[in-house]
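First up is the structure itself, then whatever we jot down about it.
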Amino acid sequence: MPITIKSDREIELMAEAGRILEIVHNELAKGLRPGMSTLDIDKMGEEIIRSYGCIPSFLDYNGYPASICVSVNEEVVHGIPDKSRILKDGDIVSLDAGVIYKGYHSDAARTHGIGEISEEAKKLIRVTRECFFEGIKYAKEGNHLFDISGAIGRYAGKYGYGVVRDLCGHGIGTNLHEAPEIPNYEVSRKGVMLKAGMTLAIEPMINMGGWEVDWLDDDWTVIARDHSLSAHYENTVLITESEPRLLTLTSRTE
Ligand code: MF3
Ligand code: CO
């Protein structure tokens, strides 16, 4: 599938999908408490998404059974919400969500600490977010796709962290996953030339230890093989002729 270039009308629909998803994430962040279950988070998220007239993108996507991916501690991504999985003080939790607004998708992830978390955990969360911002320094018309990948991978590498290789960022639009795939590590090829109107979900997934991962028996939950903590940070980004427009982060509150 070719990479789609969005029209001005499509960009405004994606921006609205992004703006709503930003609200969803901000509300979820405010609602997190020790003692709540990961299913409580999913219910809260689905309710907020539907209250804006949107559809949760992930629900039933390839059979995924929930609206929000909730991944705790060594879980990297795609954790399945569960009423018996209770968050406790000191946990870190990655929340990944997507909404569909008038047929257009947005996709974003944030990692949060529950109560008091260790300094190392705080650093992992901070650096994972910084990886995203390092990557988007190159997210501009005329640069190559893998400029973004290399910047993310090198930045994580400076801290000795493991960059997950089995999952990538992706194009996004009328489908949750569109071309191109966006690795979070340095590759020797250059990748396609970026053009204004491309919309990309850029999403570093970073382990405190090694990069290797395993899938659990549910065939969704991805965990760090060495059980080290893992963080995830993602925004839907519009490529322009100048600075990228962050569709899922219009006001930097966190
Ligand atoms: N944000 C993730 C991604 O980009 C989650 C989608 S997987 C789903 O791939 F199955 F839960 F939808
Ligand atoms: Co994504």
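The values are calculated or read from the model by the stated rules, or taken from the named source; none is laboratory data. Here the structure is a predicted model, which means the values were calculated and not measured. Because the Cβ atoms are built from the backbone with ideal geometry, glycine has one as well, and the counts that use them run over all protein chains shown. We work out accessible area using only protein heavy atoms, side chains counted, and drop any ligands, DNA or RNA first. Shrake-Rupley method; radii C 1.70, N 1.55, O 1.52, S 1.80 Å.
The numbered conditions (1) of a type outside the set (Phe, Trp, Tyr); (2) part of a helix (DSSP H, G or I); (3) open to solvent by 70 Å² or more (accessible area, probe 1.4 Å) are all true for ASP40 except (3). Anything in segment 142-164 that is more than 14 Å from LYS195 (Cα to Cα), out of contact with any Ser or Thr (no Cβ under 9 Å at 6 or more places or on another chain) and not basic (Lys, Arg)? List them, or say none. Answer for segment 142-164, where residues must be more than 14 Å from LYS195 (Cα to Cα), out of contact with any Ser or Thr (no Cβ under 9 Å at 6 or more places or on another chain) and not basic (Lys, Arg): SER149, GLY150, ALA151, ILE152, GLY153, TYR155, GLY157, TYR159, GLY160, VAL163.
Among the residues of segment 1-21, those identified as in a helix (DSSP H, G or I) and either basic (Lys, Arg) or open to solvent by less than 10 Å² (accessible area, probe 1.4 Å) (or both) are ARG9, MET14, ALA17, GLY18, ARG19, ILE20, LEU21.
Table: residues versus (1) open to solvent by 50 Å² or more (accessible area, probe 1.4 Å); (2) in contact (Cβ under 8 Å) with a residue 60 or more places away in the chain.
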site	(1), (2)
LEU145	no, no
ILE148	no, no
ILE172	no, yes
MET208	yes, yes
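Annotation note: of PRO180, PRO204, the sole residue that is surrounded by fewer than 22 Cβ atoms within 10 Å (Cβ to Cβ) and under 30 Å from ARG9 (Cα atoms) is PRO180. Among the residues of segment 51-65, those that are assigned to a loop (DSSP other than H, G, I, E, B) and under 15 Å from the mean Cα position of the chain (by Cα) comprise SER57, PHE58. Taken together, the residues in segment 66-108 that are within 15 Å of ligand 1 (Cβ to nearest atom) and among the polar types (S, T, N, Q) amount to 4. Filtering segment 44-64 to residues that are without any contact (Cβ under 8 Å) to a residue 12 or more places away in the chain and away from ligand 1 (no atom under 14 Å from the Cβ) leaves GLU47, ARG50, SER51. Given the criteria within 13 Å of ligand 1 (Cβ to nearest atom), within 20 Å of ALA108 (Cβ to Cβ) and among the aliphatic types (A, V, I, L, M), does ILE152 qualify? Spelling it out, it is not the case that ILE152 is within 13 Å of ligand 1 (Cβ to nearest atom), within 20 Å of ALA108 (Cβ to Cβ) and among the aliphatic types (A, V, I, L, M).
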